[in-house]
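Since the structure comes first, as structure tokens, the remarks are kept for the end.
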Amino acid sequence: MTMLLTGGSGRLGLELQKLLKGIIAPEREELDVRSEISIKNNILLYKPELIVHAAAYTDVASAETNKEDCWQSNVVGTRNIVLAAQKYKIPLLYISTDYVFYGDIGNYKEDDPLGPVRNYYSLSKLVAEEIVKTLDDYLIIRTSFRPSEWAYPKAFYDLYTSQDYVDIIAPEIALAIKNYDKIAHKIIHIAKERKSAYELAKRRRKDVLRASKTELELDLPEDISLNIDRWERIKGELK
Ligand SMILES: NC(=O)c1ccc[n+]([C@@H]2O[C@H](COP(=O)([O-])OP(=O)(O)OC[C@H]3O[C@@H](n4cnc5c(N)ncnc54)[C@H](OP(=O)(O)O)[C@@H]3O)[C@@H](O)[C@H]2O)c1
């Protein structure tokens, strides 16, 4: 299957390219999702049978001051991709985030109500999801991942998550991409078991120190974990 990936130079995009040989991943200079014409040109050139849309403005902190940039890439960009997918009748797999949930109670299921969001990045991803849902043929993957190493000296013991390192999450997302046509659901959560950010950090950085999220002024969730039962069931059926 010919697949076109947006955001190929990103953390997830680079891992996906290692796992999905032959996936076409143009640089942003060639495929800027803010430009309808560049999307059209890439579709006409590569004739993809599936679009994997992973490009996004992902800097949560800077999105608060660069709202327009974030909106243009995440919302307008996704709208452009959706319009092209509709026009050329190409299925769309959209990479979304656990941050579409508020993050107080955790164990969020695919059909739980979204929001309220805590920051502008989350708002842009939530709006983008709703645009994707206007298509007939789509799959939204809500996920969460970290770079392969824990980059900070501290980690929060009071922030719960089901995220994991990108080299652990990407193979699962690649499996879903490969089996796109076998997945009957429209939304799936791809993550790992619930744990504190400190527990996660400790796995790859032995000297990491425990810290409380109250040390930061940012509004961080208490428990943003995703329920992954649906994906575990699907995986079992795929094997
Ligand atoms: N990181 C996380 O914890 C996390 C959690 C949940 C969901 N996600 C989602 O997963 C996806 C990938 O995230 P990531 O962490 O791998 O992102 P990343 O490392 O920040 O990379 C972002 C990618 O998007 C591209 N991009 C940004 N704006 C673009 C535009 N206007 N047109 C074309 N390409 C554009 C970037 O290209 P350049 O290299 O040219 O800038 C880069 O390839 C995103 O949709 C993100 O929202 C991430």
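The values are calculated or read from the model by the stated rules, or taken from the named source; none is laboratory data. Computed from a prediction, not measured in an experiment: that's the story for all the values here. Using ideal geometry, Cβ is built from the backbone for each residue, glycine included, and neighbour counts are taken over all protein chains shown.
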Item to check | Only one of 207, 167 that is over 19 Å from residue 20 (Cα atoms) and not basic (Lys, Arg) | outcome: 207
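Rundown of residues vs (1) within 13 Å of the ligand (Cβ to nearest atom); (2) of a type in the set (S, T, N, Q); (3) at pLDDT below 95, yes/no style:
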{"position": "120", "(1), (2), (3)": "yes, no, no"}
{"position": "128", "(1), (2), (3)": "yes, no, no"}
{"position": "131", "(1), (2), (3)": "no, no, no"}
{"position": "161", "(1), (2), (3)": "yes, yes, no"}
Next on the checklist: I'm told residue 54 meets every condition in (1) in contact (Cβ under 8 Å) with a residue 60 or more places away in the chain; (2) within 19 Å of residue 168 (Cβ to Cβ) except one. Can you identify the failing condition by its number?
Outcome noted: (1)
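Name the single residue that is nearest to the ligand (Cβ to nearest atom) among those in segment 91-107 being hydroxyl-bearing (Ser, Thr, Tyr) and within 16 Å of residue 176 (Cα to Cα).
So the first thing to find is which residues in segment 91-107 are hydroxyl-bearing (Ser, Thr, Tyr), and the list is 94, 96-97, 99, 102.
Now narrow it down to the ones that are within 16 Å of residue 176 (Cα to Cα): 94, 96-97.
On the way: 94: 8, 96: 6, 97: 4 Å.
Ranking the candidates gives 97 first.
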Item to check | Test result for residue 56, within 10 Å of the ligand (Cβ to nearest atom) and of a type in the set (A, V, I, L, M, F, W, C) | outcome: yes
Checklist entry - among the hydrophobic types (A, V, I, L, M, F, W, C), within 14 Å of the ligand (Cβ to nearest atom) and touching a residue at least 60 places away in the same chain (Cβ under 8 Å) - does that describe any residue in segment 69-89? => result yes
Next on the checklist: Suppose we filter segment 46-70 for residues that are part of a loop (DSSP other than H, G, I, E, B) and among the aromatic types (Phe, Trp, Tyr); how many remain?
Outcome noted: 1
Checklist entry - Hey, any hits in segment 71-82 for a residue that's more than 17 Å from the chain's Cα centre (by Cα) and over 30 Å from residue 223 (Cα atoms)? => result yes
Checklist outcome for this item: Residues of segment 15-28 being near the ligand (Cβ under 8 Å from one of its atoms) and without any contact (Cβ under 8 Å) to a residue 24 or more places away in the chain, in sequence order, are 27
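Residue 39: in contact with a helix residue (DSSP H, G or I) (Cβ under 7 Å, 6 or more places away or on another chain) and within 13 Å of the ligand (Cβ to nearest atom), yes or no?
yes
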Item to check | All positions within segment 23-45 that are part of a helix (DSSP H, G or I) and either of a type in the set (Asp, Glu) or surrounded by 15 or more Cβ atoms within 10 Å (Cβ to Cβ) (or both) | outcome: 36, 38, 39, 40, 42, 43
Next on the checklist: I'd like the residue in segment 148-162 that is part of a loop (DSSP other than H, G, I, E, B) and not aliphatic (A, V, I, L, M) and, out of all such residues, is surrounded by the most Cβ atoms within 10 Å (Cβ to Cβ).
Outcome noted: 162
